[in-house]
Amino acid sequence: MIKKVDHIGIAVRSIEDSLSFYTEILGLQCLKIEEVPSESVKVAFIDCGNTKLELLEPTSENSAVWKFIDKKGEGIHHVALGVESIKERMEELKEKGIRLIQDEPKVGAGGAEVAFLHPKSGMGVLYELCEKNQAGGEGK
């Protein structure tokens, strides 16, 4: 069902202010920065070998990431799991009693299809299912 950990989402107040820690201090490479209007975030993907780090900067006070930072501060926001056939995976999880945040996948960063499991079903962790498109979307 799960192919790999695709990325780890990290909520930050400012990508501009945070990026130097990852690139200059840790020596990692920023692959790209883009906005995801459907989630009201700007994201930066950092290459970390077998997985990526995804910095999430809210672009609106209505963003779930804004609310997360306001409540918990900056830090790990979600773990994204790479899958194939995301709609089938979502149905399998529903059949097992897992609560999802949405009924249909959304388009995330890089054009990937994404869906989130409710943290109450993930023992307090927000998990994201991420199916990359054929063009190799970076996932949300």
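No lab work stands behind these numbers, since they all come straight from the coordinates. Note that this is a predicted model, so its numbers are computed, not measured. Here the Cβ positions follow ideal geometry from the backbone for every residue, glycine too, while neighbour counts run over all protein chains shown.
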(request) Evaluate the following for residue 12: is it touching a residue at least 40 places away in the same chain (Cβ under 8 Å), farther than 24 Å from residue 121 by Cβ, touching a Ser or Thr at 6+ places or on another chain (Cβ under 6 Å) and not polar (S, T, N, Q)? (result) yes
(request) Out of 109, 115, report the one residue that is among the small types (Gly, Ala, Ser), buried (at least 21 other Cβ atoms within 10 Å of the Cβ) and either on the phi > 0 side of the Ramachandran plot or out of contact with any Pro (no Cβ under 9 Å at 6 or more places or on another chain) (or both). (result) 109
(request) Have a look at 16, 24 and point out the one that is farther than 15 Å from residue 128 by Cβ, more than 17 Å from the chain's Cα centre (by Cα) and surrounded by 12 or more Cβ atoms within 10 Å (Cβ to Cβ). (result) 16
(request) List every residue pair whose Cβ atoms sit under 9 Å apart, with the two residues 6 or more apart in sequence or on different chains, where the first one lies in the stretch 56-75 and is touching a residue at least 24 places away in the same chain (Cβ under 8 Å) and of a type in the set (Phe, Trp, Tyr) and the second, anywhere, is buried (at least 19 other Cβ atoms within 10 Å of the Cβ) and assigned to a strand (DSSP E or B). (result) 66/11; 66/41; 66/58; 68/11; 68/56; 68/58; 68/77
